[in-house]
Amino acid sequence: MRFSIATAWIDPAELPAIAKAADEAGYHALAVSDHVVNLETLKTPYPYTETGERRWNPFDPWVDPMVAIGALGAVTERIRFFTNVYVLPMRDPFTTAKTVATASIFTGGRVSLGVGMGWCEDEFDLIGQQFRRRGARSDEILELLPKLWAGGWAEHAGEFYEVPRLEMTPPPPAPIPIFVGGMSEAAHRRASRHDGWISDLISTDEAASHIERIDDLRSEAGRTGDFDVIVSLNDAVTVDHFRRAAEVGVTEILTMPWVYYGGFDQPLQQKLDGIHRFAAEVLQAFDT
């Protein structure tokens, strides 16, 4: 079992210190979230709450994930980074390939790309990307990205993208794992074809159900080998709770460690203390 830290809506000025503390304390990764803008009014209801209300407030910070990862990589040595989640079909594949590869270069290959299909049609409209058929378009982007990252000449002929022979240099220094976020059957199928799955905030029993379905899909497709299951749990607090999560197939817990000792909204020093305290009380139990 590994543990990673979510950084959504945290003051960007605090992120370097949090990254350094997490690196020193033995966490596996930092997760950086993604939205370009936050519109005041929406046609699209937020799908992950019962009321459709967003989980964040106006003017909560959203950093550019790849710029943030590059900067945080410069002040850390070991810890990995992934996006939770990068709204893939809201961008063109070439800009995505270039920014992710560059972040990987400046972190020494410590980047994974967690992708989602996006829920906010208003944001797609503003940026000028089609919301309709975003899943099919993303599948083609995910086919194209490894070609662009391979370091040689690449070309591609697909439904959405016709790519002449080209090269994108420099390539990333290490393979970039692809994780897929989402709770739907389509998300499960897409995740099963790649390197891992990222959940929303769920219970351990719910996680077990999702993992069972993804395992079935991977088995049907003949997929073997390592597969990351990154889960945010709403019912795990103690070491025994986390051990039960590992038993049902969770490989990585995504959390904010300081929350267990005083809630979400704490001064930076208390966040750092919580990072080290959780490492001593929980991470070390799994290290042994």
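The values are calculated or read from the model by the stated rules, or taken from the named source; none is laboratory data. A quick note: this is a predicted structure, and the numbers were derived from the prediction, not measured. Don't worry about glycine lacking a Cβ; one is built from the backbone with ideal geometry, like all the others, and counts go over all protein chains shown.
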Could you list all residues from the range 148-171 that are among the β-branched types (V, I, T) and assigned to a strand (DSSP E or B)? V163
Out of all the residues in the range 7-25, is one or more acidic (D, E) and under 20 Å from L126 (Cβ atoms)? no
In the range 28-63, the residues that are over 15 Å from D200 (Cα atoms) and within 15 Å of the chain's Cα centre (by Cα): H28, A29, L30, H35, W62, V63
From the list A25, A8, A97, A19, which residue is under 30 Å from R244 (Cβ atoms), touching a residue at least 40 places away in the same chain (Cβ under 8 Å) and crowded, with 23+ Cβ neighbours inside 10 Å? A19
Within the range 12-57, track down each residue that is farther than 21 Å from G182 by Cβ and acidic (D, E). E14, D23, E24, E40
Can you pull out the helices (runs of 4 or more DSSP H) entirely within the range 1-110 that have at least 3 residues that are closer than 28 Å to H156 by Cβ and at pLDDT 95 or above? 65-73, 93-106
In the range 125-143, residues that are surrounded by 20 or more Cβ atoms within 10 Å (Cβ to Cβ) and among the hydrophobic types (A, V, I, L, M, F, W, C) total 1
M66 passes all but one of the listed conditions (1) farther than 27 Å from I275 by Cα; (2) touching a residue at least 24 places away in the same chain (Cβ under 8 Å); the exception is number (1)
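To keep it simple, each residue is scored yes or no on (1) under 20 Å from the mean Cα position of the chain (by Cα); (2) over 28 Å from I253 (Cβ atoms); (3) of a type in the set (G, A, S).
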position: Y86; (1), (2), (3): yes, no, no
position: F106; (1), (2), (3): yes, no, no
position: V115; (1), (2), (3): yes, no, no
position: G118; (1), (2), (3): yes, no, yes
position: D125; (1), (2), (3): no, yes, no
position: R132; (1), (2), (3): no, yes, no
position: E143; (1), (2), (3): yes, yes, no
position: W153; (1), (2), (3): no, yes, no
Please count how many residues of the range 100-124 are crowded, with 21+ Cβ neighbours inside 10 Å and among the β-branched types (V, I, T). 4
Please verify whether the range 218-228 includes one or more residues that are out of contact with any His (no Cβ under 8 Å at 6 or more places or on another chain), surrounded by fewer than 17 Cβ atoms within 10 Å (Cβ to Cβ) and closer than 17 Å to A22 by Cβ. no
Hey, can you tell me all the residues within the range 230-273 that are charged (D, E, K, R) and surrounded by 15 or more Cβ atoms within 10 Å (Cβ to Cβ)? R244, E252, K271, D273
